[in-house]
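A quick write-up on the structure given underneath.
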Amino acid sequence: MNFEIKRLTEENSFAVAEIEKLCFSSPWSEATVASEIKSSLSDFFGAFCGNELAGYIGGRTVADETEIFNVAVSPKFRRNGIAGKLIEKFIETVRKKETRVIFLEVRTGNLPAISLYEKNGFVFCGIRKNYYTNPTENALLMRLAFDGTQEYEDWDDDE
Ligand SMILES: CC(C)(COP(=O)(O)OP(=O)(O)OC[C@H]1O[C@@H](n2cnc3c(N)ncnc32)[C@H](O)[C@@H]1OP(=O)(O)O)[C@@H](O)C(=O)NCCC(=O)NCCS
C-alpha cells in the first residue's frame with residue numbers, strides 16, 4: 001500500500017478526531033486535537049493514502065523528555081506498516097531535539113500496540129493502576145531512552 005507521511009497542522013484536526021472515534025473508547029475531541037497540534041511543543045504526523053488520513057501519531061517534548069499521546073490507524077488501513085512508519089518518523093524527529101527519553105502508556109491488554117512499541121525498541125518501566133476507564137484497565141508505562149539507560153528496569157507491579 002502506498003502512503004505518505006506528512007507533518008499535521010490544525011487543518012487536519014477533524015480527520016484526526018474521526019480516527020480517534022474509530023479507534024478509542026474515550027476519543028479526543030476535535031478541539032483537543034487542534035489545541036495539541038497547535039502547540040509548539042508538539043509533533044504530529046499523519047499517513048496519507050491519497051487525500052485520506054489513514055493514521056496518525058502525536059506527542060509532546062518538554063525539556064529533554066518526550067511523551068507519545070497516541071498512535072492510531074483506521075481499521076481498514078491496518079497491517080500495512082503504517083504505524084511502524086509513523087513511529088519511526090516521530091522518533092527521528094524528537095531525537096533531533098535532543099530528547100533523552102520517550103515515554104508512553106498503553107492498556108495492558110492492547111497486544112498489537114505493545115508489540116508495535118517493543119518492535120521499535122520500547123521497554124516496560126512501570127505500571128499505572130486503573131489508569132484507563134471505559135473499561136477500567138491498568139496502563140503499562142514504556143520508555144525508549146537515548147542516554148544509555150535503556151536497560152534500566154527498576155520497577156515492579158506489586159504496589
Ligand atoms: C496498534 C496500531 C496503531 C497498529 O497499527 P498498524 O498500522 O496496523 O501497525 P503496523 O502494520 O505498522 O504493524 C507494526 C507492528 O505492530 C504490531 N501489530 C500491529 N497489529 C497487530 C496485531 N493485530 N496483532 C499483533 N501485533 C500487531 C506488530 O508487531 C507489527 O509488526 P509486524 O507487521 O512485523 O508483525 C493499530 O492496531 C491501532 O490503531 N489500534 C487502535 C489504536 C491503539 O490501540 N493505539 C495505541 C494506543 S497506546
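Is it fair to say Thr93 is among the polar types (S, T, N, Q), open to solvent by less than 30 Å² (accessible area, probe 1.4 Å) and part of a helix (DSSP H, G or I)?
It is true that Thr93 is among the polar types (S, T, N, Q), open to solvent by less than 30 Å² (accessible area, probe 1.4 Å) and part of a helix (DSSP H, G or I).
Within segment 1-30, restricting attention to residues that are part of a helix (DSSP H, G or I) and of a type in the set (D, E, K, R), the residue that is nearest to the chain's Cα centre (by Cα) is Glu20.
A Cβ distance below 6 Å, combined with a sequence gap of six or more or placement on separate chains, defines the contacts here; from segment 12-38, residues that are open to solvent by 60 Å² or more (accessible area, probe 1.4 Å) reach residues that are away from the ligand (no atom under 11 Å from the Cβ) and outside any helix (DSSP H, G or I) in the pairs Ser25/Asn134; Ser26/Asn134.
Answer yes if at least one residue in segment 106-121 is farther than 18 Å from Cys23 by Cα, free of Cβ contacts under 8 Å to residues at least 40 places away in the same chain and open to solvent by less than 70 Å² (accessible area, probe 1.4 Å), and no otherwise. Full working, then the answer.
Initially, segment 106-121 is screened for residues farther than 18 Å from Cys23 by Cα, giving 118-121.
Next, from what is left, pick out any that are free of Cβ contacts under 8 Å to residues at least 40 places away in the same chain: 118-121.
Pick out the ones that are also open to solvent by less than 70 Å² (accessible area, probe 1.4 Å) and you get 120-121.
Within segment 106-121 (the criterion being farther than 18 Å from Cys23 by Cα, free of Cβ contacts under 8 Å to residues at least 40 places away in the same chain and open to solvent by less than 70 Å² (accessible area, probe 1.4 Å)), the answer is yes, since at least one residue qualifies.
Tell me whether segment 139-157 contains one or more residues that are in a strand (DSSP E or B), over 15 Å from Phe103 (Cα atoms) and at pLDDT 95 or above.
There is no residue in segment 139-157 that is in a strand (DSSP E or B), over 15 Å from Phe103 (Cα atoms) and at pLDDT 95 or above.
Considering segment 31-88, the qualifying strands (runs of 3 or more DSSP E), each wholly inside and each with 3 or more residues that are within 15 Å of the chain's Cα centre (by Cα) and either among the aliphatic types (A, V, I, L, M) or within 12 Å of the ligand (Cβ to nearest atom) (or both), run over 52-62, 65-73.
For segment 96-130, a residue qualifies if it is within 20 Å of Ser26 (Cβ to Cβ) and part of a loop (DSSP other than H, G, I, E, B), and the qualifying residues are Thr108, Gly109, Asn110. Among residues of segment 89-105 being away from the ligand (no atom under 15 Å from the Cβ) and of a type outside the set (Ser, Thr, Tyr), the one that is nearest to Phe124 (Cα to Cα) is Val101. Residues in segment 49-86 that are out of contact with any Gly (no Cβ under 9 Å at 6 or more places or on another chain), open to solvent by 20 Å² or more (accessible area, probe 1.4 Å) and closer than 18 Å to Glu18 by Cα: Cys49, Gly50, Asn51, Glu52, Pro75, Lys76.
The values are calculated or read from the model by the stated rules, or taken from the named source; none is laboratory data. All figures in this text were calculated on a predicted structure; none of them were measured in a lab. With ideal geometry, Cβ positions are generated from the backbone for all residues, glycine too; neighbour counts draw on all protein chains shown. Areas reflect the complete protein model, heavy atoms only, side chains present, ligands, DNA and RNA absent. Shrake-Rupley method; radii C 1.70, N 1.55, O 1.52, S 1.80 Å.
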